[in-house]
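These notes concern the structure reproduced below.
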Amino acid sequence: MKIQEKITVTVALTLFFVIFITAFSFTQLFLVNNRNVRLFNLAEQNNKLTEYISSTYSEPQKAIDFLTGSDYLKRFEDIAGVEIIIADTDMNILINSLNLENEDFKNLLLSSKEIKSFLNVTDLLTISGRQESGKLIMADIKNNRYYISIKEFPVKDKNYLSIFLKKQTELALPPVRYTIEMLLIFVLAGLISIITGLVLGKNISTPIMRLNRSVGRISNGDYSENIRAMGKDEIGILARNVNIMKNKIQRSQESLKDFTYMLSHEIKNMITSINGYAVGITEGVYSTEEEINEALDIIKNKSKDLENITESLLMLSKIENRIIEISKEEVNFEKMINDLLKLYEPELGRNRLKIKKTFAIMPETKLFSDKYLIQTVISNLINNAIKYSNTESEIIINSISDDESVIISVSNSGLNITEDERDKIYNMFYRSKKYEFKNIKGFGLGLAISRRIAGILGADLDFDSKENINTFIFKIPLNR
Ligand SMILES: Nc1ncnc2c1ncn2[C@@H]1O[C@H](COP(=O)(O)OP(=O)(O)OP(=O)(O)O)[C@@H](O)[C@H]1O
Ligand SMILES: [Mg+2]
């Protein structure tokens, strides 16, 4: 079943039951109310009779004579559709149109089946007052159920009872009489439910289906279209999130393409160059010893470059695939930095650079971490500082510690790193164009690797660049 059909069926069924049951309850309530209005009428008729007798006759016997001697009661019964019994308060029947046995009559008067309780429910709908109703009861007499109004009334100083009885069949609710109405409600509820279900089903499922088609396109590698964001509901949010996901996949695919292109380009250049010089030597292009040595030097340098880039790539791949193993041992920063600087001595000398270093790590500060990874980051920072320094300038290396971390900063003077380069310099293969004329070697991998290592160690790598001074700050937490 498709989602649209599911929604339509669910909505239609639920709505159908709700409408049908509500309508059914309301009709029932109105019917009960209708019955009660009729009961009040019964009491009202009774009132009319008793008031007439009370106000017209001061002698009880005269009243009885009148009632039995004329067709007044008969007419009353015909008009109101009731049976009438008149009795005195000692339960002696004076007029008995239903021919009720004495025993039945007593039971009737003592009956406690008053109808007050369900009159209460419909008082809300019925405006009739109840004070004048007298006593309203229900009783079974000779296999018939009667609704009965009992009213006490005075003639002179004696009280009498006037009892109006109406067969229940006339007041009850034969359901068959309402079949047409029920059928109508049934059909109407069905129609409303199906239409609403269809409209809602279409409304809800259209965006989902549109989303579905768009995700299908994305999974086939078509990133050309953004999904139209629809509203602020969950589907709208999902659409926006799918758009974000799509853009990320697209970007990462593009950068993967760039990465592969640049990498193969770099490696091809190096191999072409190594191959070119090697062929030159074997085919005797270089004849003098000096020429051959020069060619061999170039081959050596290019091979070293090839080794470096392969090492960097290996490192990156290990980091990306999370197969790097972190060992923990105490790191001696002073020794580590001094050893690194020894390695860089030739380059420092070539560029006539001076190193100024301070070690202010508290003696009680002990950092247990991966020496090799930390050394890789610091080495990259020193290497960059040397490459991007103005000649004959000073590189400042500071090591300090606080309660939470060890902070190593490496500063050099040179061209500032601009704000728009802030994040780019950590991208793989990003190299600023401004050094192109200086022929500084590099692949744009040093900071990319360093940033990722910092991430692994839970450390921070950031920089500050102003007034021709670039300072890279590497902050390693102690308790990791
Ligand atoms: N100390 C620095 N001063 C000025 N610019 C810097 C400094 N360090 C990095 N950069 C800028 O950031 C870019 C990226 O540096 P990164 O170390 O990642 O690559 P690279 O040095 O060019 O090559 P690699 O490190 O792979 O040999 C550099 O090309 C340069 O533009
Ligand atoms: Mg570098």
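Sorting Ser55, Ser193, Ser70, Ser255 by solvent-accessible area of protein heavy atoms yields Ser55, Ser255, Ser70, Ser193, largest first, with a 1.4 Å probe. According to the Cα-based calculation, Rg over Rh for the range 276-432 is 1.05, with Rh computed by the Kirkwood formula. Normalised by 2.2 N^0.38 Å, where N is the number of residues, the C-alpha radius of gyration of the range 12-61 stands at 2.21.
Hey, could you get me the Stokes-Einstein D for the range 321-361, Kirkwood radius over alpha-carbon pairs, 37 °C and 0.692 mPa s, rounded to whole µm² s⁻¹?
Translational D for this selection: 255 µm²/s.
Neighbours of Met262, meaning other residues whose beta-carbon lies under 14 angstrom from its beta-carbon, give a summed charge of 0 when Lys and Arg score +1 and Asp and Glu score -1.
Here the chain exposes an accessible surface that is 55 percent carbon and sulfur, computed with a 1.4 Å probe and the other protein chains kept in place.
Surface exposure of the chain, expressed per residue as accessible area with a 1.4 Å probe, stands at 60 Å².
Annotation: Thr56 carries an accessible surface of approximately 70 Å², with a 1.4 Å probe and no ligand, DNA or RNA atoms counted. Over the residues of the chain, the helix contribution to mean residue ellipticity at 222 nm works out to -19000 deg cm²/dmol, using -39500 (n - 2.57) for each DSSP H run of at least 4. Here's the picture: a label point sits 7 Å out from the Cα of Ile469 along the beta-carbon direction, and within the range 410-425 the residues with their amide nitrogen under 18 Å of it are 410-418. For the chain, the normalised intensity computed at q = 0.06 Å⁻¹ comes to -0.59 (log10 of I(q)/I(0), Debye sum over alpha carbons, equal scatterers, no solvent). Please report, ordered by residue number, every helix of the chain (full DSSP H runs) that is 18 Å or longer along its axis going by C-alpha atoms and whose mean Kyte-Doolittle hydropathy reaches 0.0. Within the chain the helices that satisfy the rule are 3-56, 179-219, 371-387.
Considering only the other residues whose Cβ falls under 9 Å of the Cβ of Lys354, what net charge follows from Lys and Arg at +1 and Asp and Glu at -1?
Working: positive: Arg352, Lys356; negative: Glu392, Glu394.
Local charge sum for Lys354: 0.
Comparing Cα centroids, the range 193-222 and the range 53-95 end up 78 angstrom apart. Between Lys106 and Arg75, the C-beta separation translates, for a Förster distance of 30 Å, into a calculated FRET efficiency of about 0.55.
The values are calculated or read from the model by the stated rules, or taken from the named source; none is laboratory data. This is a predicted model, so every value here is computed, not measured. Every residue, glycine as well, gets a Cβ built from its backbone with ideal geometry; the counts of neighbours run over all protein chains shown. To get the accessible areas, we keep the full protein, side chains included, count just its heavy atoms, and leave off ligands, DNA and RNA. Shrake-Rupley method; radii C 1.70, N 1.55, O 1.52, S 1.80 Å.
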